[in-house]
Amino acid sequence: QVQLVESGGGLVQAGGSLRLSCAASGHTFISYNMGWFRQAPGKEREFVAAINWSGGSTYYQDAVKGRFTISRDNAKKMVYLQMNSLKPEDTAAYYCAAGGVFSVEFSSYRFWGQGTQVTVSP
């Protein structure tokens, strides 16, 4: 069992940066692959980035490549999403997720946080 709590969202102007954090609890955190997803109003939840259990492999949605960086600190049980050069289209609720498979698929992730809102103004 893993509990996830996101933080770090907020309002930022286009071109700005935010760092999202995801704090995990539970003894098995290190065994999980982690992902960030986002959901904008009226749209389906979409994959943003994933990182494998060791941090040695990462994967990004094309729209965020080169702007977002996912990382993890297993000793602290934390996952991060550094978001630079933010655009209005990045506005969404961002969710941290934990799963047994290194995947872009929503269904591969078993545990989810409550989300943190990111709003990017023009």
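The values are calculated or read from the model by the stated rules, or taken from the named source; none is laboratory data. Just so we're clear, the structure is a prediction, and the values are computed from it rather than from any experiment. With ideal geometry, Cβ positions are generated from the backbone for all residues, glycine too; neighbour counts draw on all protein chains shown. The accessibility values were calculated without ligands, DNA or RNA, using every heavy atom of the protein model including side chains. Shrake-Rupley method; radii C 1.70, N 1.55, O 1.52, S 1.80 Å.
Some values worked out for this structure:
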read-out	value
Calculated FRET value between residue 1 and residue 108, using beta carbons and R₀ = 22 Å, to 0.05	0.80
Built amide H within the under 5 Å cut-off of residue 86, gap 5+	15, 16
Accessible-area order (highest first, 1.4 angstrom probe) of the listed residues 53, 112	53, 112
Highest average packing first - 58-67, 25-34, Cβ atoms within 10 Å	25-34, 58-67
Whole-angstrom gap from the range 1-64 to the range 79-98, using each part's C-alpha centre	7
Surface accessible to a 1.4 Å probe, residue 103 within the full protein complex, Å²	20
5 angstrom amide H check on residue 74, placed H, neighbours 5+ away	none
Reach of residue 77 by Cα under 17 Å, taken over aspartates and glutamates that are not fewer than 8 positions away in the same chain	6
Share of carbon and sulfur in the accessible heavy-atom surface of the chain [1.4 Å probe, %]	50
Charge dipole magnitude, Cβ of K and R +1, D and E -1 - the range 1-111, Cα centre, debye nearest 20	200
Debye intensity ratio in log₁₀ form over the Cα atoms of the chain, taken at each q of 0.09, 0.17, 0.19 Å⁻¹	-0.21, -0.76, -0.95
³J(HN,Hα) computed for each position of the range 3-20 - Karplus, 6.51 cos²θ - 1.76 cosθ + 1.60, integer Hz, glycine/proline x	9, 10, 10, 8, 7, x, x, x, 9, 9, 7, 4, x, x, 9, 9, 10, 8
Potential lengthening between residue 39 and residue 78 on full extension [0.36 nm per residue; Cα-Cα distance subtracted]	11.9 nm
Summed side-chain charge close to residue 39 - residues other than residue 39 whose Cβ falls under 14 Å, Lys, Arg +1, Asp, Glu -1	-2
Heavy-atom accessible area per residue - the chain, 1.4 Å, Å²	50
